[in-house]
Amino acid sequence: MMNILHIVSGNLQGGAARGAYFLHKGLIKKGINSKVLVTHKDNVKDDNVIQLSSTLERFNEIEYSRFLDQALLNGIYLDRRDVIFSVGVEGADITQTDIYKESDIIHFHWINGGMIGLDSFSKIEKPIVWTFRDMWPFTGGCHYSGDCRRYEIGCGSCPQLNSSNPEDLTRLIMIQKKNQYKHNMTPVAISNWLKLSAENSEIFRNQRVEMIPNCIDTDIFRPYEKEEARDLLGIPKNKKIILLGSIRPMDNTKGFGKIKEAFTHLVDREQYHLVVFGKCDELEIQVLGCSYQLLGFINDDYKLALVYSSADVFVAPSIEEAFGKTLIEALSCQTPVVAFDANGPQDIVEHEQCGYLATPFEPADLARGIQWVLGNKWRLEELSKNARIRAVHRYSLEVVGEQYLNLYQHIIEKQAEGNTVCFWDDKRIVNNVTDIKEYSELQITVDECGKYILDGELSKGPQHSDTAKYYKECIQYMCQIALNSDKHIFSQLFRDMAVNVATSYKRTLPIDFLYFFDTVKLKAKLEEINKESRHVVIFGAGEYGAKILRVLEKHGINVRYFIDNNLSKWGQFFSGIEIIGPRDIDRNMYIFIASTWANEIRQQLIEIGMKQNDDFMVIM
């Protein structure tokens, strides 16, 4: 049986901790031996949740780490902004615990607050999966960077510390992270926005970051009869109920200023009743100009499901949100959501299908979204039905648990084969390395090998380590395809990749930079498609879809349509070809998936009865 140990700092009340705990429950349902290590268990009645700080030694480690964090910040940066910021240099040593020794994989979630320090990474010899629940893993200490993008160049001169020193604490933390992060760590982002931010960072640039969303228990967060819920909570039945989560005026990332301005655009505010749960400043609510009700902090999920069910719409005005778990809780309770079309929420809400995504960050459009959702009874009913369907199909324990289970299995399989590095593709092509050194040694500059790539003479490349040899073999595989068009229909794309590598000035590339396309013999498949007179279509009307179009056209393949899940594109033309929706798919089509959402699209096609390779192929 697989043994997974989740690491969660604090108790299980916060958003990140609850996300980790729901995943733990999903894995338990699938028969996985899952345990959660926390710093404070509090009143959680689950024998699989273990408190790290139960001994005085562990408690002192955690408290010392917290003290050191604050001492470094408050002793040096007296004028820093009042935002959450973690140094995280030191932490508890979990490797001395029995639960660590019994585990196959260590799964990090929220590790700050003295739980895991950067000094702990070198002690952990087991594979690590790290679910990024904010930006801290790849910044110099901030959890959300705001408008700052210095994490892309190694931090320093930190605006949150009010520092102008390019070698300040944030720069030192970034250096420490680069030195301590290990090759046996698999990063996972909870949203595409967070994934893209990580992949653009100096630490994870050109590395594969997985994306697996948060999950919830959709049996707990389920719709209750609206009038009954309002009776139990004392909420008016004769008004349209707008639900808000925690209101913290001083936290700009939560967008209170945006919702405050949005309410000035609402017409006939007396028809609305505002319900707020979580932390709230009542004086700020009073100025919104409509009746309201404050429910305070709710630590009972069943009661929270009642609250969501009582509302007509849930509004999430956050400006910076890694995911937005309250949004999927609301959807699961059949309550449409209005949010800004940015960061985490843009993955969750399907615009005008289960809610409304307002133009970032325009309060007037946020108000327009509220009025659009509530303005038509029949539309509201349809949005509500769609909300529940989306939550169950994308964010249930079963769905997300299965995604993590597949990831764990792949990691364990590779470990059993003696491989610590893999290519993220359906056919892990190159896996002949058994002795990988520290991550800092897994890089080779383009200046050293670029000219050999273009010449196809990699045998003349650098010979300074086993890692360089392995990297060279990887590049050689790519170039063999790129230089022989008969071997692979997408050879030109590989050639382009090789040229880009060679011409990038002093750019360092980790060895998992490369990933490969599906290894099915594409030419034979295309000949088969032509014989059957099937229409060739590309699923993904974006940059990558355009590249695949050019390659197919070069080989005499006519593409009939683009397909895209974004309904605003339907009926438009992309690269001169009409874009249709998934509902227009028929069995006379053969589909090439060319999208970063490949896994979701694959599942979408399977659910309508299509078979991989027979009816569609994943190109990315």
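The values are calculated or read from the model by the stated rules, or taken from the named source; none is laboratory data. Being a predicted model, the structure only gives us computed values, none of them experimental. Methodologically, a virtual Cβ is constructed for each residue, glycine included, from the backbone with ideal geometry; neighbour enumeration extends over all protein chains shown. The area values use the complete protein model at the heavy-atom level, side chains included, leaving out ligands, DNA and RNA. Shrake-Rupley method; radii C 1.70, N 1.55, O 1.52, S 1.80 Å.
The GluC sites (Glu not before Pro) of the range 127-215 that DSSP puts in a loop, and whose beta carbon has at most 15 other beta carbons within 10 Å, are Glu167. Site pair Gln286 and Asp300 shows an inter-label distance of 3.0 nm when each label is modelled 7 Å from Cα along Cα→Cβ. Taken one residue at a time, the phi angles of the range 10-27 give Karplus couplings (6.51, -1.76, 1.60, θ = phi - 60°) of x, 9, 9, 9, x, x, 5, 5, 5, x, 5, 5, 4, 4, 3, 5, x, 5 Hz. Gly and Pro are set to x. Here r is the Cβ-Cβ distance between Thr95 and Asn406 and R0 is 22 Å; the resulting FRET efficiency, rounded to 0.05, is 0.25.
For His107, the residues 5 or more places off, or on other chains, whose built amide H falls under 5 Å of its own are Leu5, His6, Ile7, Val129. Packing-based ranking of 537-550, 571-584, 345-358 yields 345-358, 537-550, 571-584, ordered from highest to lowest mean Cβ neighbour count within 10 Å.
For Val49, the residues 5 or more places off, or on other chains, whose built amide H falls under 5 Å of its own are Val36. With a cut-off of 13 Å between beta carbons, the residues surrounding Leu331 carry a summed charge of +3, where Lys and Arg count +1 and Asp and Glu -1.
For the range 193-333, lysine pairs with C-alpha atoms less than 19 angstrom apart, excluding pairs fewer than eight positions apart on the same chain, total 14. Rounded, prolate or oblate: which one fits the range 577-618, using the alpha carbon gyration tensor with axes a ≥ b ≥ c (rounded when a/c is under 1.5, else prolate when a/b beats b/c, else oblate)? Because its axes are fairly even, with a/c under 1.5, the range 577-618 counts as rounded.
Highest-first packing order for the peptide set 177-190, 604-617 is 177-190, 604-617, based on the mean count of other beta carbon atoms within 10 Å. Taken per residue, the accessible surface of the range 1-156 reaches 41 Å², heavy atoms only and a 1.4 Å probe. Proximity of backbone amide H atoms, modeled 1.01 Å from N, is registered between Val338 and Phe314, Val315, Ala316, Tyr356 at under 5 Å, excluding neighbours fewer than 5 places apart on the same chain. With the cut-off at 1.5 for a/c, could you classify the range 528-604 from its C-alpha gyration tensor as rounded, prolate or oblate? Note, shape of the range 528-604 comes out rounded. A cut-off under 13 angstrom between Cβ atoms defines the neighbours of Ala358, and their net charge, with Lys, Arg +1 and Asp, Glu -1, is -3. Can you tell me how the range 1-54 classifies by the Cα gyration tensor, rounded, prolate or oblate, using a/c under 1.5 as the rounded cut? Note, shape of the range 1-54 comes out prolate.
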